Amino acid sequence: MGLKIDHDACTLCEECIPSCPFGSLEIHSGRLVVLETCTLCGACVPVCPVNALEVEEVERSVGIDPSQWRGIWVFAEQRRGEIQSCSFELLGAARALSEKLNVPVTAVTAVLLGSDVRDPAQLLKAGADEVLYVKNEELSRFGVEPYSKVIARLITERKPEIFLGAATFIGRSLFSRIAVKVQAGLTADCTGLDIDTEKRLLRQTRPAFGGNIMATIVCPEHRPQMATVRPKVMKPLAEPYSSSGTVTELSADSLTNRVKFLEFVLDDTSHANISEADIIVTGGRGLQDPKNFSLIQELADLLGGAVGASRSAVDAGWINYSHQVGQTGRTVSPKIYIALGVSGAIQHLVGMQSSDYIIAVNKDPNAPIFKVADVGIVGDLFEVVPQLVSEIKQRKGVG
Amino acid sequence: MKFIVCIKQVPDTTEVRVDPEKNTLIREGVPAMVNPFDLYAVEEALLFKEKFSGEVIAVSMGPPQAEQALREVISMGVDRAILISDVKFAGADTWATALTLSAAIRKIADYDLILTGKQAADGDTAQVGPGIAEFLDIPQATFVRKVEELDPGARVIRVQSMWEEGSERLELPLPCLISTVKELNEPRLPSLRGKMAAKKAEIPVWTFDDLDVKESDVGLQGSPTQVIKVFPPPAREEGELFADTEPDEAAKIIADRLSAKGLI
Ligand SMILES: Cc1cc2nc3c(=O)[nH]c(=O)nc-3n(C[C@H](O)[C@H](O)[C@H](O)COP(=O)(O)OP(=O)(O)OC[C@H]3O[C@@H](n4cnc5c(N)ncnc54)[C@H](O)[C@@H]3O)c2cc1C
Ligand SMILES: Nc1ncnc2c1ncn2[C@@H]1O[C@H](COP(=O)(O)O)[C@@H](O)[C@H]1O
């Protein structure tokens, strides 16, 4: 196992050296050597002009037979009894994968845990052939211990080939524990899913290194192939799925939870949930004063969007951290992102550059935000935004 | 009390790029740093130690140069550090990383609280913290934005865990694991004394032989996932820039775009 160098072929051209993300290739006494920092990522392999580099296949000693594992499962996330839209998006994605797998038919199963979930049959319309509804008072709200235990047990019994969840706070807390329990591979926060039909593998594509790099990941020898998927990226089915599927209620016993739930506190404004929003209006230090956030709020309200903020605005105490977009805040990919008085520092860009459409207003023509903006306005936000607000009101015929 | 903080050395991701022609990572001149989220974990552990006394131990799994990251947190006030390093650990995905770190933590033993960052800036997975908690079979609270109280007498910790739409208040028995987000605190800068300590500190290296792990469970071999390709993100289309537009014109331009998107 390792990175193999064909020393007879190697011409010491050094082309590979800068390609290594970990600086693991060096020339020592006239020979190319691999340092122990090598992670076998393979980035150097295609660079070599004489094909002298090769990542050796690894012997993996897992005693599972992938052909015993069939079906695509989706974790249906519910909060306060309401199934979340991210689950419908996942079912849309699961149907597309199921068509590609199609040997002979790959069923899509929604796994739902709760006790008083409103209309579980919605999941059938959204693309599931079957809903497994584990119903228990103890599962009415998310708790990582009982949830991971119940789901791991179902996986071991029923052996799904693929298991998807949303990369929400719940999904990301839960899936890693399940993956450890069932010894499965898990890919985080995917933005693309596809099937390698030849090898029957889930190809999971995700941004890494703050979105500067995309990586495609597979899980050849463990099952299920687990992934969390970034909300808002997959599309729910346009038409309701018609199946003769049923909702099967299951019971669960001996659920323990060492974590005591005390209370849920909703954020103080209705503009907090930037992760779910289709439109985000973000204010930066250019706003100059906390009270000017009301300008941002007004625009967001008019457009039915959420309010975002740069780190500078959050650090200045103008707005709560849950609004922060960027490397140390949240990553968002709304349909429309409007940045007002935000310079577009790289740490901010990595959190929003995958938005569908970006509009920016900044008085500095060289602000880096303009590099990612679809529409950039060089101008004073205190002049442009009030005009924009009245323009929108006029067009909407309000105010 | 004994606090264990897991820290990772990461490249400054804002400077990592993919060569668009060769589809390879360009890493020349990319500096390494302590994962930003881990500093909040370090700071919180130091605050606990100041309040309740005890010991803060930093652990990092990585190549030999990750020692530098451990020295950095010693300069903030961490008491001692352990580097988990071995060629056999190379290529570990989050599953194998969590397994290896949990084996190291088991060896440290008698801990009260484990702290990790929310996620590492290179992989952005947020999977290692919960993975460690599962391997150790201890409770976890993720994305902790506030610690309300650590009560050593009752052996519980009360925290606020951040969700999309608000916060969950939770009470966990010790020992447990928490992962931290930025809001939690303001990480301190190294002190002069800390810098001296960092220079002098002996940082033991634990290798494969020091841990109770199987070769088939660590490193690339123990990793269920495999990266098969890296490539640059799709380039954004060139946008339009309006430089000398009157505010009312600019407002119309934006409104037109929003109308075209069906928003107005
Ligand atoms: C480890 C690390 C992590 C970080 N994480 C994040 C993160 O998660 N999110 C984040 O946002 N940042 C993050 N940062 C900080 C980042 O580097 C920038 O400092 C920050 O994004 C700048 O915020 P800003 O654009 O609001 O402020 P500034 O950079 O000060 O920009 C303000 C902009 O407003 C413009 N402006 C001023 N007045 C007006 C006006 N009247 N009309 C129009 N435009 C005006 C100015 O031209 C300027 O471009 C991080 C930094 C580090 C080191
Ligand atoms: N190699 C490592 N050594 C020590 N801690 C790590 C390592 N990898 C991840 N962690 C910890 O786990 C957290 C989450 O990392 P990740 O799951 O990789 O996003 C980080 O913030 C660290 O606290």
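Read the figures in this text as sums done on the coordinates, not as results from a lab. Since we're looking at a predicted model, the values are computed, not measured. Methodologically, a virtual Cβ is constructed for each residue, glycine included, from the backbone with ideal geometry; neighbour enumeration extends over all protein chains shown.
Peptides B:138-146, B:91-99 ordered by packing proxy, namely the average of other Cβ atoms within 10 Å per residue, highest first: B:91-99, B:138-146. Rounded to the nearest 500, the helix-only mean residue ellipticity at 222 nm of chain B stands at -9000 deg cm²/dmol, with each DSSP H run of n ≥ 4 adding -39,500 (n - 2.57). With the simple spin-label model, which puts each label point 7 Å out from Cα in the Cβ direction, the B:Glu55 to A:Arg258 separation comes to 2.2 nm. Partners of A:Lys363 within straight-line reach, counting aspartates and glutamates whose Cα lies under 13 Å from its Cα and excluding those fewer than 8 residues away in the same chain: A:Asp380, A:Glu383, B:Asp244, B:Glu246. Per residue, chain A reaches -6500 deg cm²/dmol at 222 nm when only DSSP H runs of four or more residues are counted, each adding -39500 (n - 2.57). Under the combined filter of DSSP loop state and at most 15 neighbouring Cβ atoms within 10 Å, the range A:236-338 retains none of its chymotrypsin sites (Phe, Trp or Tyr not before Pro). Computed about its Cα centre, the charge dipole of the protein assembly as shown is approximately 820 debye, with only Lys, Arg, Asp and Glu carrying charge at their Cβ.
Computed from the C-beta positions of A:Lys100 and B:Ala235 and an R0 of 25 Å, the FRET efficiency is 0.40 to the nearest 0.05. Assuming R0 = 25 Å, can you tell me the calculated FRET efficiency for the pair B:Asp151 and B:Lys107, based on Cβ-Cβ distance, to the nearest 0.05? Efficiency, rounded to the nearest 0.05: 0.35.
Across peptide A:143-151, the mean count of Cβ atoms from other chains lying within 10 Å of each residue's own Cβ comes to 2. Look at the stretch B:170-176: the mean tally of other chain Cβ atoms within 10 Å of its residues' Cβ atoms is 3.
When you count the other C-beta atoms within 10 angstrom of each residue and take the mean per peptide, B:110-122, B:182-194 line up highest first as B:110-122, B:182-194. Placing a pseudo-label 7 Å from each Cα along the Cα-to-Cβ vector at A:Ala238 and B:Ala201 gives an inter-label distance of 5.8 nm.
Loop-located trypsin sites (Lys or Arg not before Pro) in the range A:147-241 (DSSP state other than H, G, I, E, B) with a sparse environment of at most 11 neighbouring Cβ atoms within 10 Å: A:Lys199. Taking a threshold of 31 Å on the Cα-Cα distance, which of the pairs B:Lys8/B:Lys199; A:Lys396/B:Lys146; A:Lys125/A:Lys149; A:Lys260/B:Lys214; B:Lys8/B:Lys200; A:Lys371/B:Lys195 fall above it? Exceeds cut-off: A:Lys396/B:Lys146; A:Lys260/B:Lys214; A:Lys371/B:Lys195. Relative to the current alpha-carbon distance between A:Glu249 and A:Val398, full extension at 0.36 nm per residue lengthens the span by 48.8 nm.
Note on B:Asp244 and A:Gln183: the model spin-label points, each 7 Å out from Cα along the C-beta direction, lie 7.1 nm apart. Long hydrophobic helices in chain B, taken as whole DSSP H segments with a C-alpha length of 15 Å or more on their own axis and mean Kyte-Doolittle hydropathy at least 0.5: B:94-108.
Reported to the nearest whole Å, the Cα centre-to-centre distance from the range A:264-322 to the range B:106-171 is 27. Structure remark: mean-square fluctuation, Gaussian network model of chain A, C-alpha springs under 10 Å; the largest value among A:Gln297, A:Gln225, A:Gln387 belongs to A:Gln387. Largest mean-square fluctuation among B:Ser102, B:Ser60, B:Ser216, in a Gaussian network model of chain B whose springs join Cα atoms under 10 Å apart, belongs to B:Ser216. Shielding by partners for peptide B:234-243, expressed as the average number of C-beta atoms from other protein chains within 10 Å of each residue's C-beta, is 5.
For A:Ser390 and A:Asp194, a Förster radius of 51 Å and the Cβ-Cβ distance give a FRET efficiency of 0.65, rounded to the nearest 0.05.
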